[in-house]
Amino acid sequence: MPEVSTFSTTRLDVAGVPVAQLAEQFGTPTYVYDAAKIVERLDDLKAFDVVRYAQKACSNLAILDLVRRRGGLVDSVSAWEIRRALAAGFSPTGDPPPIVYTSDIFDREALDLVIEHGIHVNTGSPDMIEQYGERSPGGNITLRLNPGFGHGHSQKTNTGGEQSKHGIWHTQLEDCLRRADHHGLSVTGLHMHIGSGTDLEHLSQVCGSMEQAALTTGSSITTISAGGGLPVPYKEGETYCDLDQYFALWDAARKRLEESFGHRVSLEIEPGRYLAAEAGFLLTEIRAIKQMGGNKFYLVDAGFNNLARPILYGAYHPISIAPSDGNLDRPHEDVVVGGPLCESGDIFTQEEGGYVCTRSLPAPKSANI
Ligand SMILES: *Cc1c(COP(=O)(O)O)cnc(C)c1O
């Protein structure tokens, strides 16, 4: 794993394949994924007993299949994500469960599906326990807990604390254990995914909270999950988190639990972006360049229907130009990059709140970015 990431504003290939060739063969816009990068990231996490891919980061079937072949398991948050996991070859049942359904609700279709296939559920609300227990008493469930605090790179990715809809509120744990017990459900694991972009001091707080909740739950616990949120560098100079320290904190909590319970406790991690973000590229062609007062716009053939994160929460994605003449030595200019949709928010260079901003990019002639 590199210490610091570097980004270039020019790029002529993805995984050794020329961008111009990809654009010609597949047209634009098109998504391209670098499989080796996903494998590399999976390997970074091999200290954990289970790496469970949170497929909402990218549920492309080829990627799910790759993760499966490389020993990863999968998290599904909807009926269709369950169907995608099954289509990619994951078995519905096993130990540890290959597919876990993690959500705060069951829609009717998802509830039918988990029961039909015997898929493990990670419940994020007391109502889910009741609904599942009524239909399928006597099995195992895990609980997603909200420890009462959170963390995240934006308000929309913060998944802990009282502003978040996610998980079972920590003070309701005992009530939920009683509900599970009422249906003969055994609580075999706890899960906390409290926000993307975590720091280690904060993490030790999370581990402490997990440990306490596991002790309250008792020795039925055989799994704890650290959730996802491993940071990914998006800009020059941004860093990864220290995975050794990250693992050490969770491992210590797990070991203390093993000692209290007198049996093994498996440690899961549930990355989404960490596996997929640096592997994915959206190829799009600049189709028009126009000056609007003081702003220069590059208009491309991909829009927020192809990449929603900038319009959703002002996410910053690196942009590179692949000049069709191969000449990388170009002057830079500050530009706004937008798509073809008839919506003023169809801008890739925007900040949270929808503020349009500029990016310094090499001047194209007629190029793909
Ligand atoms: C989104 C999500 C993750 C992964 O978050 P990343 O920030 O992409 O690592 C993990 N678990 C659950 C339940 C999620 O919804």
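Before moving on, here are some points about what is shown:
- Restricting LEU173, LEU203, LEU177 to those that are buried (at least 17 other Cβ atoms within 10 Å of the Cβ), in contact (Cβ under 8 Å) with a residue 40 or more places away in the chain, under 20 Å from the mean Cα position of the chain (by Cα) and in a helix (DSSP H, G or I) reduces the list to LEU203.
- Exclusive hit being closer than 20 Å to PRO97 by Cα and either within 16 Å of the ligand (Cβ to nearest atom) or in contact (Cβ under 8 Å) with a residue 40 or more places away in the chain (or both), set LEU190, LEU215: LEU190
- Tally of residues being within 14 Å of the ligand (Cβ to nearest atom) and surrounded by fewer than 22 Cβ atoms within 10 Å (Cβ to Cβ) across the stretch 82-102: 0
- Residue selected from the stretch 122-132 under the condition buried (at least 20 other Cβ atoms within 10 Å of the Cβ) and out of contact with any helix residue (DSSP H, G or I) (no Cβ under 8 Å at 6 or more places or on another chain), by the criterion nearest to ARG108 (Cα to Cα): MET128
- Those residues of the stretch 298-332 which are of a type in the set (Phe, Trp, Tyr) and either buried (at least 19 other Cβ atoms within 10 Å of the Cβ) or part of a loop (DSSP other than H, G, I, E, B) (or both), in sequence order: TYR298, PHE304, TYR316
- Filter pass, ILE115 being modelled with pLDDT of 95 or more, touching a helix residue (DSSP H, G or I) at 6+ places or on another chain (Cβ under 6 Å) and outside any loop (DSSP other than H, G, I, E, B): yes
- Among the residues listed as GLY228, GLY189, GLY195, GLY184, the single one being part of a loop (DSSP other than H, G, I, E, B), at pLDDT 95 or above and either over 19 Å from the mean Cα position of the chain (by Cα) or closer than 21 Å to LYS56 by Cα (or both): GLY184
- Residues in the stretch 278-291 that are buried (at least 16 other Cβ atoms within 10 Å of the Cβ), more than 22 Å from the chain's Cα centre (by Cα) and in a strand (DSSP E or B): GLU285, ILE286.
- The condition (being of a type outside the set (Gly, Ala, Ser) and within 16 Å of the ligand (Cβ to nearest atom)) is satisfied by just one residue among LEU312, LEU283: LEU312.
- Total residues in the stretch 253-277, condition of a type outside the set (A, V, I, L, M), buried (at least 20 other Cβ atoms within 10 Å of the Cβ) and more than 16 Å from the ligand (Cβ to nearest atom): 1
- Top-ranked residue in the stretch 133-170 [being modelled with pLDDT of 85 or more and in a helix (DSSP H, G or I); ranked as surrounded by the fewest Cβ atoms within 10 Å (Cβ to Cβ)]: GLU134
- Considering GLU270, GLU259, the condition of being under 30 Å from GLY72 (Cα atoms), free of Cβ contacts under 8 Å to residues at least 12 places away in the same chain and either touching a helix residue (DSSP H, G or I) at 6+ places or on another chain (Cβ under 8 Å) or among the charged types (D, E, K, R) (or both) is satisfied by GLU259 alone.
- Taken over the stretch 333-359, the criterion of being under 13 Å from TYR313 (Cα atoms) and in a strand (DSSP E or B) is satisfied by ILE347, GLN350, GLU351, TYR355, VAL356.
- Here THR239 fulfils each of the conditions (1) surrounded by 14 or more Cβ atoms within 10 Å (Cβ to Cβ); (2) of a type in the set (S, T, N, Q); (3) in contact (Cβ under 8 Å) with a residue 60 or more places away in the chain apart from (1).
- Residue within the stretch 232-244 that is part of a helix (DSSP H, G or I), more than 13 Å from the ligand (Cβ to nearest atom) and either touching a strand residue (DSSP E or B) at 6+ places or on another chain (Cβ under 9 Å) or closer than 22 Å to THR102 by Cβ (or both) present: no
- Matching strands (runs of 3 or more DSSP E) fully within the stretch 11-76 where at least 2 residues are farther than 30 Å from PRO92 by Cβ: 30-33
- Residue in the stretch 34-47 that is surrounded by fewer than 17 Cβ atoms within 10 Å (Cβ to Cβ), away from the ligand (no atom under 14 Å from the Cβ), within 30 Å of ARG179 (Cα to Cα) and within 17 Å of the chain's Cα centre (by Cα) present: no
The values are calculated or read from the model by the stated rules, or taken from the named source; none is laboratory data. Because the structure is predicted, anything quoted here is derived from the model rather than measured. Virtual Cβ from ideal backbone geometry, glycine too; neighbours counted across all protein chains shown.
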